[in-house]
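Participant: Please see the structure below; I have some questions.
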Amino acid sequence: MLEDMAFLRIRTTVDERPGRLASLAAALAGRGGNILGLSVQTDADGTVDEFVAEISATPETVRTALEAAGGRRVQVVPATAHELTDEPTRALLLASRLRSMPWRLPELLAELLRADDGRWTYGEAVSDLPDPTRLVVPVAARRAVRLRRADLPFTLTEAARAASFVRLAQPAPDHATPEQGIRLADGAQVTVKPLTGIYREAVRDLHDRCSPEARRFRYFTSMPALPPRMFERLCDRTRGHSLVAGHDGQVVAMANLMFTPDPGIAEMAFLVEDRWQGRGLGAALARMLVTEARDQGYAEVRATMLSDNVRMRRLLVSLGATLGYTDDPGVVESRLPVGALTSA
């Protein structure tokens, strides 16, 4: 009586020698196996061949046959028909889901590598002791995704795939943004350019002209001047994207889009000189930042503001943001999906 057929995922390390793969395939065929999927991966001490096969033999019988055919560290685990999906197609579908839901990176990364568990880690040091059941994938300086898979150790090829997958949720390489002209509803014309070090004095003058309330709404304190380190951070294109709006030789507004450790989420903030508030300049700058966030692959832009900043709250709601209170009753957070930007 024939044994029931079962799906098995089979992995073995082999030496790079002609005919080795053929020997393994013949060993599986000799046990009545039908190979349904094959991938070849690189690891630290050899090539790893991975098969998905439908076979009636027991895992132990399969292991013995492959070892006799030259396989090393043969591992055999149950598989399902779901795992027969074409691998490139599966990876592309997961990439598409990541682009629309980048905050689900750990879950999707675990699905990509068929890991048992995937979760965020913060500031966790990578152990010097090799643990083949754990893979830590860096996302930011002190942020990573930790994957665990008990049955099959992670290979170097899988680590490279994970790193490439993570890059889909991170900012695009720096690119130059040309200056743009904006004509406001009252006919005033302003020019918007990327913030760079040449605007240090102009930004200082902007702070001097802004009222304490305008500065408090931007920094949560009536900051009389922008500290040099903060100015440098705002100019750093690896940390964000900042704009200045100029009119008649003066910087009249500054808008900042800052990257966060959360893939897919950026934060924005504005400082608009008092006499330019209520004229549509803030809304125009906000649209530019959200467009920039969308072009760089972000899914959501957030802003944190004081609850009495009524003008900012109305602006963000008009763009399609939702507002929610934080643990601090005096602070409100807005969340604006980049696809929700309205035409208003």
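The values are calculated or read from the model by the stated rules, or taken from the named source; none is laboratory data. Just so it is clear, the model here is predicted, and its values are computed rather than measured. What goes into the accessible areas is simple: the full protein's heavy atoms, side chains included, and nothing from ligands, DNA or RNA. Shrake-Rupley method; radii C 1.70, N 1.55, O 1.52, S 1.80 Å.
Participant: Quick one: ranking D295, D205 by accessible area, 1.4 Å probe, largest first, what do you get?
Facilitator: D295, D205
Participant: Something else now. In Å², and per residue, what accessible area does the chain have when probed at 1.4 Å with the other protein chains present?
Facilitator: It amounts to 51 Å² per residue over the chain.
Participant: How many angstrom lie between the Cα centre of the stretch 246-285 and the Cα centre of the stretch 1-60?
Facilitator: Taking the Cα centre of the stretch 1-60 as reference, the centre of the stretch 246-285 is 58 Å away.
Participant: Under the rule of -39500 (n - 2.57) per DSSP H run of 4 or more residues, summed and divided by the residues of the chain, what mean residue ellipticity at 222 nm is obtained, to the nearest 500 deg cm²/dmol?
Facilitator: -9000 deg cm²/dmol
Participant: For a distance above 25 Å, tell me the whole-number percent of Cα pairs in the chain that qualify.
Facilitator: Above the 25 Å cut-off, the chain has 62 percent of its Cα pairs.
Participant: L36's amide H: which non-local residues (gap 5+, or another chain) put their own amide H closer than 5 Å, with H modeled 1.01 Å from N in plane and none for Pro or chain starts?
Facilitator: V52, A53, E54
Participant: Could you tell me what percent of the accessible area of the stretch 174-262 is made up of carbon and sulfur, with a 1.4 Å probe and every protein chain present? The partial results should precede the final answer.
Facilitator: Details: 2410 of 4650 Å².
Looking at the stretch 174-262 in its full context, I get 52 percent from C and S.
Participant: For A57, which sequence-distant residues (separation of 5 or more, or a different chain) have an amide H within less than 5 Å of its own amide H, given hydrogens modelled in the peptide plane?
Facilitator: Hits under the 5 Å cutoff: none.
Participant: Sorting T80, T155 by accessible area (1.4 Å probe), largest first, what list results? The partial results should precede the final answer.
Facilitator: Values: T80 70, T155 5 Å².
Highest to lowest solvent-accessible surface, that is T80, T155.
Participant: Roughly what angle does helix 59-68 make with the longest principal axis of the chain, taking Cα atoms, 0 to 90 degrees, to the nearest 10?
Facilitator: 80 degrees
Participant: Nearest 10 degrees is fine. How inclined is helix 156-167 to the longest principal axis of the chain, computing both from alpha carbons?
Facilitator: That works out to roughly 20 degrees.
Participant: Shape call for the stretch 35-92 from the C-alpha gyration tensor, a ≥ b ≥ c root eigenvalues: rounded (a/c under 1.5), prolate (a/b greater than b/c) or oblate? List each step's numbers first, then the result.
Facilitator: Working: a/c = 2.70, a/b = 1.24, b/c = 2.18.
Because a/c hits 1.5 or more and a/b fails to exceed b/c, the stretch 35-92 counts as oblate.
Participant: Follow-up. With N residues in the stretch 151-238, what two-decimal value do you get for its Cα radius of gyration over 2.2 N^0.38 Å?
Facilitator: This ratio for the stretch 151-238 stands at 1.73.
Participant: Ordering R20, R229, R161 by how much accessible area each has at a 1.4 Å probe, largest first, what is the list? Present the calculation step by step, with values, prior to reporting the outcome.
Facilitator: Working: R20 40, R229 210, R161 105 Å².
Correct descending sequence by accessible area is R229, R161, R20.
Participant: Please report, in whole Å, how far the alpha carbons of the stretch 205-333 spread along each principal axis, starting with the longest.
Facilitator: 35, 32, 28
Participant: Just read off the accessible area of E333 with the full protein assembly in place, 1.4 Å probe, to the nearest 10 Å².
Facilitator: Accessible area of E333: about 60 Å².
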